[in-house]
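S.K.: Provided herewith is a single structure, encoded as structure tokens, for subsequent inquiry.
What follows draws every value from the coordinates through simple rules; no lab data is involved. In this text, all values refer to a predicted model and were calculated from it rather than measured experimentally. As a convention, Cβ positions derive from the backbone with ideal geometry for all residues, glycine included, and neighbour counts pool all protein chains shown.
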């Protein structure tokens, strides 16, 4: 990536956002509650060092991929930063022909691995075509870590007021009916701009900006429960592939979550509402659970799940998002969400894919999900199954997340053991 050392007075490029426009609340696709806080690091060059720290940062940022470093403790990382005179002078990054400013490039984001903010930016450039394919024109929530993964995080659900005019936005509507605008990346420079503000994980909505109420992806989240592990999710994913094929020849594209689970994305014709897509996800999960009753469940309440893979159907509800392909996850070893081919599932492990290893894989194979957007499938067969489940077996809707308004046809949002106690 092309990098130039930049003096702290140059306000070009990424602009400045102190986090005041950040949206709070929400949960990640792993259900963690966001911590409050703002990004204390503005893009005006705060923390710029003296001497040749800027030159060191430029040379580090200009290499072809993240540099593998000896693990450092947080104390060692902090001491090293002070020895360098802060976190390095700002640099200008050439991102697809657009110059984006990166302040504090030597700030350590992953203490256990020593990866810096410049390494994160370098990583996103290395997988640029892939992550842009996953985000392009989608309203996107930013998961930001102002102090690296050792500190707190928050979700930015609103485009900041000082957003560069070259980054488009898209309007979204929350379950409450409130509206806002989020960034909708159209070029890799928007990803690097977000990295400037310590974004590690991107959470795109399953819609495009021009049709914000009609998802064009069915996202199946296979979430291992206590007592299960990634290999159990793999077995469920293989059976899910067969389930999808049986409903009108649906095809899914699998990826690691970056944790212990798997995500399978099915591209859709944008003809259905969020409610209908969620209904289809429930029908899909129920069929998978029928085939694997000891291994898979759609039970919303944890006390009913047991040691099984939970099909988290609520990840298809409005304003529930899943980490994008190639997003960096807040794991100490800097894992990323890795797109996979079906024939790789059995041998792949989440720890195989991280900030250091993914660029080499991408350089060799490219984006293995590159053809996803060439397809668009119908939900008709799954929705017909949902109708049969309800008509023939009395299986209607399932509970929504607790922060949602009560939905038509939804059962009581009461934990089963508490409901039995109350009666």
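S.K.: Does the stretch 124-206 classify as rounded, prolate or oblate by the C-alpha gyration tensor (a ≥ b ≥ c root eigenvalues; a/c under 1.5 gives rounded; else a/b over b/c gives prolate, otherwise oblate)? The partial results should precede the final answer.
M.R.: Values: a/c = 1.61, a/b = 1.14, b/c = 1.42.
Note, shape of the stretch 124-206 comes out oblate.
S.K.: Sorted by mean Cβ packing within 10 Å, highest first, what order do the peptides 403-416, 181-194 take?
M.R.: On the way: 403-416: 11.9, 181-194: 23.6.
Top to bottom by mean Cβ count within 10 Å: 181-194, 403-416.
S.K.: Between residue 392 and residue 290, what is the label-to-label distance in nm when each label sits 7 Å out along the Cα-to-Cβ direction?
M.R.: Result for the modelled spin labels: 0.6 nm.
S.K.: Further question on the same structure: Quote the FRET efficiency, to the nearest 0.05, computed for residue 210 versus residue 384 with a Förster distance R0 of 30 Å and r equal to the Cβ-Cβ distance.
M.R.: Details: r = 28 Å, r/R0 = 0.94.
Once rounded, the FRET efficiency stands at 0.60.
S.K.: Also, quick follow-up: Does the stretch 161-313 classify as rounded, prolate or oblate by the C-alpha gyration tensor (a ≥ b ≥ c root eigenvalues; a/c under 1.5 gives rounded; else a/b over b/c gives prolate, otherwise oblate)? Could you put the intermediate results ahead of the total?
M.R.: Working: a/c = 2.14, a/b = 1.72, b/c = 1.24.
Cα axes put the stretch 161-313 in the prolate bin.
S.K.: Ok, one more. What FRET efficiency comes out for residue 342 versus residue 271 if R0 is 25 angstrom and r is the Cβ-Cβ distance? Round to the nearest 0.05.
M.R.: 0.40
S.K.: Also, quick follow-up: Where a ≥ b ≥ c are the square roots of the eigenvalues of the C-alpha gyration tensor, would you call the stretch 191-265 rounded, which needs a/c under 1.5, or, failing that, prolate if a/b is larger than b/c, or oblate? Intermediate values should be presented prior to the final figure.
M.R.: On the way: a/c = 3.03, a/b = 1.27, b/c = 2.38.
Oblate, since a/c reaches 1.5 and b/c is not below a/b.
S.K.: Compute the separation of the alpha-carbon centres of the stretch 148-176 and the stretch 236-259 and state it in Å as a whole number.
M.R.: 30
S.K.: May I pose another question? Report relative contact order for the stretch 211-266 in percent, whole number only (criteria: Cα-Cα under 8 Å, sequence separation at least 6). Provide the component values of the computation, followed by the final result.
M.R.: On the way: 64 pairs, mean separation 24.7, N = 56.
Once divided by the residue count of the stretch 211-266, the mean separation gives 44 percent.
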